[in-house]
Every structure is written in C-alpha cells, then in structure tokens.
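Engineer: Before I ask anything, here is the structure I am working with.
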Amino acid sequence: FIGNLFSHCVSFPGLTTKARRELHKAARRFLELSSRLFLQSLDEHFSHVDADPHEVALWVLLKRTQSANKAVRLQAVQELAENHHWHDYQYQTAAQVIDQRTAVGLARTPQVDLRFFLRTPTLPDLEDGGLWCFGGNGLPYAQSLTSVPSEKVESFCLQALVQHSKSHCDRIVANGGLQLLQRVYQLRRDSLKIQRNIVRIIGNLALNESVHTAIAQSGWVSVLAEMMQSPHVMQASHAARALANLDRESVKEKYQDGVYILHPQTRGNQPIKADVLFIHGILGAAFKTWRQKDRIASEEEKEAESMDDYTECWPKSWLAADCPNLRVLSVEYDSHLSDWMAKCPAENQRKSLAYRSRELLRKLKLAGVGERPVVWVAHSMGGLLVKKMLLDASEDPDMHELLKNTKGIMFYSVPHHGTFMAEYSVNVRYLLFPSIEVRELCKDSPALRNLNENFLNMAKEKEIKVLSFAEKLPTNIGPMIKILVVPTQSANPGIGELIEVDVDHLNICKPEKKDSFLYKRSLQFIVEALQSYIGH
C-alpha cells in the first residue's frame, strides 16, 4: 500500500510539487507508525519510490538486520551505527523497530548514538517494605536498619545478590529482580560503586540465555550502552562484560563473574590473534592493580601532558593501543591478608591456591582462554596462582590446549620462594592475623619449593618464555612497618631474565608513564613472546 502510494505520487500528472511533498510526508509518517508491520516488505517497495535516498537507506539497513545471513546482519548493524546523520525522528523510529539482537549489537558498537535505544520502561510503584521487599515483604528488615544509611543497606543487599545471581538466576528474574535493580540503578546514579555492583549482577544473569529477553525488556540494553561510554574504566568494563554475555550473535565465549574484557570491549573488524591475561595478587583487583603509578609532576609537566599520558588501567589504554589484535583480560578473585577481613569466615577453604586454581581454570575455559596463544602477566601472589594453574592444566586432558598455547609469563615481584611478610604477620598477630593464603607464602615453605620446581621443569620442557621484575624499595605496611615484601632472591624463579627496578612492591606493576622503562620492557616481552602470531 505504502509503496503504491509513493508510486502514484510520482506518476499522477495533476499533482503539484507541494502536494506531492505533503503526500510523501504523510505516507512516511504512516510508515513510521506502522514500521513493524511493513518492515518485511520494504525492500521491494522502495526500489521504485520517489523518496529521500537517506530515508530509504535507513529502512534497507533495518530490513537487513533481519536477514537470514549472519554476515549481512552484522554488516547492517555496523552501518547503522556508523552513519551519524540520521534525523532525530529516524532514531526514534529505529528504536521502535529494532529487535533485541540488533539492540545488543548496536550497544557493542563503538560510540553508538544512544537515541537508537528505547528509554527505560516506567517502573511499577514500590510495595510496602521499600526497595528491598524482593520476593516478599521486607518492611521489618528495613525498619531494623533505620540507623544505617540507606546506601549502605543497598550495598550490603547488592553484594548478597552478586553471589545469588551466580546460581539463582531464574528466581531473581521471576521475583521482579530486574525491575528492582533498574529502580535502584536510576535512584543511585550518583554512586559508581552501586551501579557497578548492579551491572555485575546483570552480567551474571546474562550468562543464562533463557533470561536474555527479560533483561532486554526491562530496559537494560540502553543502560549498558550508556555505561559502555563512561569515562570510568571500571564502569565501562562491567558494562562490556554484561553486553558480551548478551551478544550471542558475535561472541561465543562466556565471561563468568570476575573475568573482565579490557580489550576489545566492542565489536570490531580487527581479528584477535592472541590473549594476554592479567592476574593480581593479595589485596589486588582487576583494575586498581594495573593503574598508572601516581606521580608528583611539576606545573610545566602537567601542562605539557595530554589526557593520553594518564590512564586508570594501562593494559586497557596503552597495551590495547600498541597491540590492537590482542584480547586483553583481567581476572579478579577475593584475596585477604587477614581472616578478620574476610567477608565470610566460613569460606576460608576458598582462599587456598589449589581452590583458586581450579575455580579460575574453569572460568577461563568458558572465556575461550587456551584457544589462542597466551601470555600471562602476574603480580605478587598472582604469579603463584598462574604456576599452579598451569601445573593443574598439565594434569587435565581438557586443559592441555591452554598449556600448549602458553607462550610467555611475566612476573612482577612474585614470591617464588616465599616472603618475610608472612612471618612478620605471624609475629605481629594483632596487626595481621594470617589467612591460609598468607601462611602459604612463608619463606622457604616446602609447598612453594615444590610448586616452583615442578613449574621450572614444565616451563623448560614447553619452552615458555619468562621475564621477572624485582622490587628494590621497601613498602609501607601500615603506619609503623616498612619492609621489602619480596626480596630479589625470592622474585627469581630460576628461569628467564630477572630485572631489578627502583620501586616498591605495590608500584612494581604500575608504570609511571607510557615511555617509562617498566612499560616499554613489558611491552617488548609480550610482543616478542607472540611475535609469530601478532605480526609485530
């Protein structure tokens, strides 16, 4: 009908140009309002329509996003996002038409225009019991916490939900959890931490394809698209993980809780040829461990520096720019110096190296680690974890590819032979009550010696390249203690090159500038280990 209407507008001789223009406008408006009904047959009608080519292009692309050919769909989504000249009403129309698969693809396209996404649906009024009446009446619980700031209560509840979202996905969704989280997210736009925890939960739920439709219908795709463009590396990375888990069109891997993609966080044409994995140490984290070193610069230096000279996370900013065809992952796991700091004392068994190794190997396999060449980058106890994981992988037939594809390991102040800090914490129990992890780090412990000997045999047999950095400056541990956490002899695994650096334990993995020795030597090692794969 619409196609015929356009055709008649062209062929009817009695119509003035003005009348024809008005008819075009009316027909287009009708088309926009009825877009879903007409989308299937737009291509054939537009082939002989006297309409703005720009208008036709939008509808042809929207039609192609429904193609049976996956390559055509992917290309159409990319072209939709890359054309920044659509009119406002066209974005609004497209937002009404695009399906869940297309919306996720657009959200994972660099710098996509947020007008492509429908606004968050209106949320129902709260029942008695306030925000946390989740699946029942939470009023008595809420009243018992009246002396605690509401934001703290929300953080507490969200941390519990993070854990539940790993195993009780369907129940959370069935009880209105997606809408509840949406409300808290909108109310707490000033709290980056609360927003991260909420999106972390959405990322966990998105591991289950059965709830993808529910996630999209409750407005999360537009929220994640906006968060992806955040200048804060942690916000963008949490959103990137959630969207990757939702994007079954172009991502086959699944990113479990604690496994973050630092690069590439969006869809792209650059083929990924190798993986670099970053593993933090005690009290470390997926992002803060790898930030740039804070330094005192003169006013002249500050004026001369551009924004590119500073980064919250150098693997994401610097390494990704220097090696764009790498996938860069950062892993996070709970680690505590003291049992007093553990969130759940009943879970002490979860803090052993053996447990962590099994847990992370399972997560990394789901993320596709081992299918490409791999370089590991580890700080402090993270290096012991890497060694344990590779030894465990050597004994598991399902993980042999991971070991076979491991091309290099970079150790930043890893206590291969233990650390005095573990003994110190035992002697000063009121300061540091030692957890299982710290006890495993005692100097010259038989367990560490055995771990290193087995690792050396394996690394030599598999010809894995190794580079180690050792700290030369003592680290402040609390207000009164200053110690060399990992002495040079302990930082030496007995294979590969060892480099001493004039920094302390915390800053050994934080380069001061992109042109500093620490970063340039780290980059050189990664490139050399992967040279035959990434083409540098």
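The values are calculated or read from the model by the stated rules, or taken from the named source; none is laboratory data. Note that the structure is a prediction, hence the values are computed from the model and not measured. Positions of Cβ are backbone-derived with ideal geometry, glycine not excepted, and every protein chain shown enters the neighbour counts.
Engineer: Considering each residue of the range 391-415, count those that are at pLDDT 95 or above, out of contact with any His (no Cβ under 9 Å at 6 or more places or on another chain) and buried (at least 24 other Cβ atoms within 10 Å of the Cβ), and give that number.
Structural biologist: Adding up the residues that qualify gives 3.
Engineer: I'm trying to understand the selection: among the residues of the range 521-536, which are surrounded by 14 or more Cβ atoms within 10 Å (Cβ to Cβ) and in a helix (DSSP H, G or I)?
Structural biologist: Selection gives ARG521, SER522, LEU523, PHE525, ILE526, VAL527, GLU528, ALA529, TYR533, ILE534.
Engineer: Specify which of the listed residues (GLN163, GLN195) is in a helix (DSSP H, G or I) and touching a residue at least 24 places away in the same chain (Cβ under 8 Å).
Structural biologist: Matching residue, one of GLN163, GLN195: GLN195.
Engineer: Which of (1) surrounded by fewer than 17 Cβ atoms within 10 Å (Cβ to Cβ); (2) touching a helix residue (DSSP H, G or I) at 6+ places or on another chain (Cβ under 7 Å); (3) of a type outside the set (A, V, I, L, M) is the odd one out, the single condition TRP220 does not satisfy?
Structural biologist: (1)
Engineer: Determine which single condition LEU243 fails, assuming it passes every other condition in (1) buried (at least 19 other Cβ atoms within 10 Å of the Cβ); (2) within 28 Å of GLY408 (Cβ to Cβ).
Structural biologist: (2)
Engineer: What number of residues in the range 497-520 are in contact (Cβ under 8 Å) with a residue 40 or more places away in the chain and more than 23 Å from ILE272 (Cβ to Cβ)?
Structural biologist: Matching residues across the range 497-520 total 10.
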